[in-house]
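S.K.: Below is a structure I'd like to ask you about.
The values are calculated or read from the model by the stated rules, or taken from the named source; none is laboratory data. A quick note: this is a predicted structure, and the numbers were derived from the prediction, not measured. Heads up, the Cβs are rebuilt from the backbone with ideal geometry, glycines too, and the neighbour counts pull from every protein chain shown.
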Amino acid sequence: MNFLAPIGRIVLGFLAATGRLVIFAFHGLRHAVLPPFYLRLTGRQMMSIGYFSLPVVGLTALFTGMVLALQIYVGSARFNAESAVATIVVIGITRELGPVLTGLIVAGRVAAAMAAEIGTMRVTEQIDALVTLSTNPFKYLVAPRLIAGLTMLPLLVVVADIIGVLGGYLVSIESLGFNPATYLHNTFNFLEPIDVISGLVKAAVFGFIISLMGCYQGFHSKGGAKGVGRATTEAVVSASILILASNYAITELFFAK
Amino acid sequence: MSARIKIGLAGVRKSFGPKRVLDGLDLDVREGESLVVIGGSGTGKSVMLKCILGLLRPERGAITVDGEPVLGMGSDDRERTLRKFGMLFQGSALFDSLKVWENVAFGLIQGRGMKRAEAKPIALGKLAEVGLGPEVGELSPAELSGGMQKRVALARAIAADPEIIFFDEPTTGLDPIMSDVINELIVDSVKRLGATTLSITHDMASARKIADRIAMIHKGRIVWIGTAAEIDHSGNPYVDQFIHGRAEGPIKMEVLRP
Ligand SMILES: Nc1ncnc2c1ncn2[C@@H]1O[C@H](COP(=O)(O)OP(=O)(O)OP(=O)(O)O)[C@@H](O)[C@H]1O
Ligand SMILES: [Mg+2]
């Protein structure tokens, strides 16, 4: 029976960690919706998540759209369905690749930076100092980041969708020899609102996850520079896994028959 | 002097894993007094302050501030209680994303909702009190020396004129002259503002200067408490060893000798 003990310990540890995360998320959300709001800090986080992620998100979307057009062309040519390229590219980008790749890229950039910043504040007692200066760290540190993540990711995904489709268009016109008017017609005529909306809902959830994991791991880091380093890594890894898992769950919710 | 108890600790116990840091600690801080706690490194002095502030939760015991029990307080009550406090952290704990003057003004702006333009002159005034000019106010904390950071942290602790001020090693890392300036400042805060202060120090000169009473902590308990005048003939072997800085005595430093 002894071999069950370690399994039990792991399961209990996992449940406890999940519980802590849920409570943390709940606190963060509560402070995000209840006044007072730190507008200046929220604005700064929006800049750092939204504006400064634009170049890397744009490049990712561009190359993804380009390669997508190439591959789908190769695939669809095998049964003479080349005219489907435009439609498949736009659906692939808006439903899946736009939100998921943007989420993963921003997780690498932003969750890591948040965990490093908040983790350093934790180990140098700056978070304790906040408390003694009558400032709630959830309100001051977590809420602005959650709001910024939740609102900026959908905007980034709109940009990624547009640039991704543009990338597919460029490759199709310039190197695959499609007719521009037909390509655009096929892109927009078969696109349904739900394709874009589901992608934006995903983006909001991913933005929340990114900020949540950055803050959570930073808050719970301990043990100096090494602990902050570990928090940074774990923030990116856990945010990425949660993004992929929740992506499946949301897709199921939206499209399962 | 009034003998009202401002802060009371009774039987406070705090452990980290198997390690018991505070072990039934009893201590009363009277209103308007300057109490200095001395004791070896790692005996739980900073942990004691953090327990009072609610930054750490003791497993056992009771802590009161103005007669109100603070353990298990709701968040609103706790926030109200914390407004009475100013704290100088041992490691300064300055916010490195903010300028020096914004650090000093933080409690005024964020904690009390004061306008930035109104808080800035107050912050610069507090900086001047710790011997730092207005040009320092525009720097970021990373651009300061350790001793300057400590003085900024001190200015931040006293900026909102709190009723109770904790100083965790206020003079460590300062030159003797600046130490004396800081000692004067602490004495002055007590006299002029009528604040209650609880300070931690290893510096006996500083302790003698600022203390009304001195308490010695060892192995998570208070082993001696008395007035500053009594400390030289306390008859307590722990105190004698500490104030004379002897390696031999009842306090065994955990040093591995070859
Ligand atoms: N967050 C923590 N986690 C684990 N152990 C801790 C923590 N904080 C303090 N300790 C332990 O508690 C003990 C007392 O620490 P504390 O910081 O109170 O010492 P101190 O009396 O202030 O010493 P010093 O004079 O060196 O500052 C130390 O042995 C330390 O290892
Ligand atoms: Mg200490």
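S.K.: Give the residues of the stretch B:63-89 that are in a loop (DSSP other than H, G, I, E, B) and more than 8 Å from chain A (Cβ to nearest Cβ), sorted by residue number.
M.R.: At the first step, the residues of the stretch B:63-89 found to be in a loop (DSSP other than H, G, I, E, B) are B:66-67, B:70-74, B:83-84, B:89.
Those that are in a loop (DSSP other than H, G, I, E, B) and more than 8 Å from chain A (Cβ to nearest Cβ): B:Asp66, B:Gly67, B:Val70, B:Leu71, B:Gly72, B:Met73, B:Gly74, B:Lys84.
S.K.: Still on this structure, I have one more. Within the stretch B:121-143, restricting attention to residues that are farther than 22 Å from B:Ser189 by Cβ and in contact (Cβ under 8 Å) with a residue 24 or more places away in the chain, which residue is nearest to the chain's Cα centre (by Cα)?
M.R.: B:Pro141
S.K.: Residue by residue through the stretch A:95-126, note down the ones that are within 14 Å of another protein chain (Cβ to nearest Cβ) and within 20 Å of A:Ser48 (Cβ to Cβ). If you could, list the steps in order and put the result at the bottom.
M.R.: Step one: filter the stretch A:95-126 for residues within 14 Å of another protein chain (Cβ to nearest Cβ), giving A:113-114, A:116-126.
A:Ala113, A:Met114, A:Ala116, A:Glu117, A:Ile118, A:Gly119, A:Thr120, A:Met121, A:Arg122, A:Gln126, listed by residue number.
S.K.: If a residue must be surrounded by 24 or more Cβ atoms within 10 Å (Cβ to Cβ), out of contact with any His (no Cβ under 8 Å at 6 or more places or on another chain) and either more than 8 Å from chain B (Cβ to nearest Cβ) or touching a residue at least 40 places away in the same chain (Cβ under 8 Å) (or both), how many such residues does the stretch A:127-143 contain? Show your work before the answer.
M.R.: First pass over the stretch A:127-143, keeping only residues surrounded by 24 or more Cβ atoms within 10 Å (Cβ to Cβ): A:129, A:132-133, A:141-143.
With the extra rule that they be out of contact with any His (no Cβ under 8 Å at 6 or more places or on another chain), the set shrinks to A:129, A:132-133, A:141.
Imposing the further condition that a residue be either more than 8 Å from chain B (Cβ to nearest Cβ) or touching a residue at least 40 places away in the same chain (Cβ under 8 Å) (or both) reduces the set to A:141.
Total satisfying the criteria: 1.
S.K.: Take the residues of the stretch B:74-103 that are more than 16 Å from B:Ala155 (Cβ to Cβ) and among the basic types (Lys, Arg): which is nearest to the chain's Cα centre (by Cα)?
M.R.: B:Lys84
S.K.: Continuing with this model, one more query. Looking only at the stretch B:90-102, how many residues end up being touching a residue at least 24 places away in the same chain (Cβ under 8 Å) and more than 9 Å from chain A (Cβ to nearest Cβ)?
M.R.: 4
S.K.: Return the pairs, sorted by first residue and then second, in which the second residue is of a type in the set (Asp, Glu), the first residue lies in the stretch A:182-199 and is at pLDDT 90 or above, the beta carbons are less than 9 Å apart, and the residues are 6+ apart or on different chains.
M.R.: Close Cβ pairs satisfying both conditions: A:Val196/A:Asp161; A:Gly199/A:Glu96; A:Gly199/A:Asp161.
S.K.: Conditions: (1) within 14 Å of chain A (Cβ to nearest Cβ); (2) more than 16 Å from ligand 1 (Cβ to nearest atom). B:Ser34 meets all but one. Number of the miss?
M.R.: (1)
Quick grid of which residues meet (1) of a type in the set (Lys, Arg); (2) touching a helix residue (DSSP H, G or I) at 6+ places or on another chain (Cβ under 6 Å); (3) buried (at least 22 other Cβ atoms within 10 Å of the Cβ); (4) touching a residue at least 60 places away in the same chain (Cβ under 8 Å):
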{"residue": "A:Ala81", "(1), (2), (3), (4)": "no, no, no, no"}
{"residue": "A:Val90", "(1), (2), (3), (4)": "no, yes, yes, yes"}
{"residue": "A:Thr94", "(1), (2), (3), (4)": "no, yes, yes, yes"}
{"residue": "A:Leu104", "(1), (2), (3), (4)": "no, yes, no, yes"}
{"residue": "A:Ala107", "(1), (2), (3), (4)": "no, yes, yes, yes"}
{"residue": "A:Ala113", "(1), (2), (3), (4)": "no, no, no, yes"}
{"residue": "A:Ala116", "(1), (2), (3), (4)": "no, yes, no, yes"}
{"residue": "A:Gly119", "(1), (2), (3), (4)": "no, yes, yes, yes"}
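S.K.: On to the next question. I'd like the full set of residues that are assigned to a loop (DSSP other than H, G, I, E, B) and either within 16 Å of ligand 1 (Cβ to nearest atom) or surrounded by 23 or more Cβ atoms within 10 Å (Cβ to Cβ) (or both), limited to the stretch B:90-106. Let's see the steps before the verdict.
M.R.: To start, the set of residues in the stretch B:90-106 that are assigned to a loop (DSSP other than H, G, I, E, B) comprises B:90-99.
B:Gln90, B:Gly91, B:Ser92, B:Ala93, B:Leu94, listed by residue number.
S.K.: For the condition buried (at least 17 other Cβ atoms within 10 Å of the Cβ) and under 16 Å from the mean Cα position of the chain (by Cα), what is the one hit in B:Val47, B:Val12? Spell out the reasoning first.
M.R.: Details: B:Val12 fails: under 16 Å from the mean Cα position of the chain (by Cα).
Selected residue: B:Val47, the only one of B:Val47, B:Val12 that is buried (at least 17 other Cβ atoms within 10 Å of the Cβ) and under 16 Å from the mean Cα position of the chain (by Cα).
S.K.: Right, something else. Among the residues of the stretch A:194-228, count how many are assigned to a helix (DSSP H, G or I), more than 28 Å from A:Val90 (Cα to Cα) and not polar (S, T, N, Q).
M.R.: Residues flagged as assigned to a helix (DSSP H, G or I), more than 28 Å from A:Val90 (Cα to Cα) and not polar (S, T, N, Q) within the stretch A:194-228 amount to 12.
Rundown of residues vs (1) within 20 Å of B:Ala153 (Cβ to Cβ); (2) more than 16 Å from ligand 1 (Cβ to nearest atom); (3) modelled with pLDDT of 90 or more; (4) out of contact with any Gly (no Cβ under 7 Å at 6 or more places or on another chain), yes/no style:
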{"position": "B:Phe16", "(1), (2), (3), (4)": "no, no, yes, yes"}
{"position": "B:Asp28", "(1), (2), (3), (4)": "no, yes, yes, no"}
{"position": "B:Asp66", "(1), (2), (3), (4)": "no, yes, yes, yes"}
{"position": "B:Gly72", "(1), (2), (3), (4)": "no, yes, no, yes"}
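S.K.: Does at least one position in the stretch B:40-53 carry a residue that is away from every other protein chain (no Cβ under 14 Å), within 28 Å of B:Gly245 (Cα to Cα), within 16 Å of ligand 2 (Cβ to nearest atom) and in a strand (DSSP E or B)?
M.R.: no
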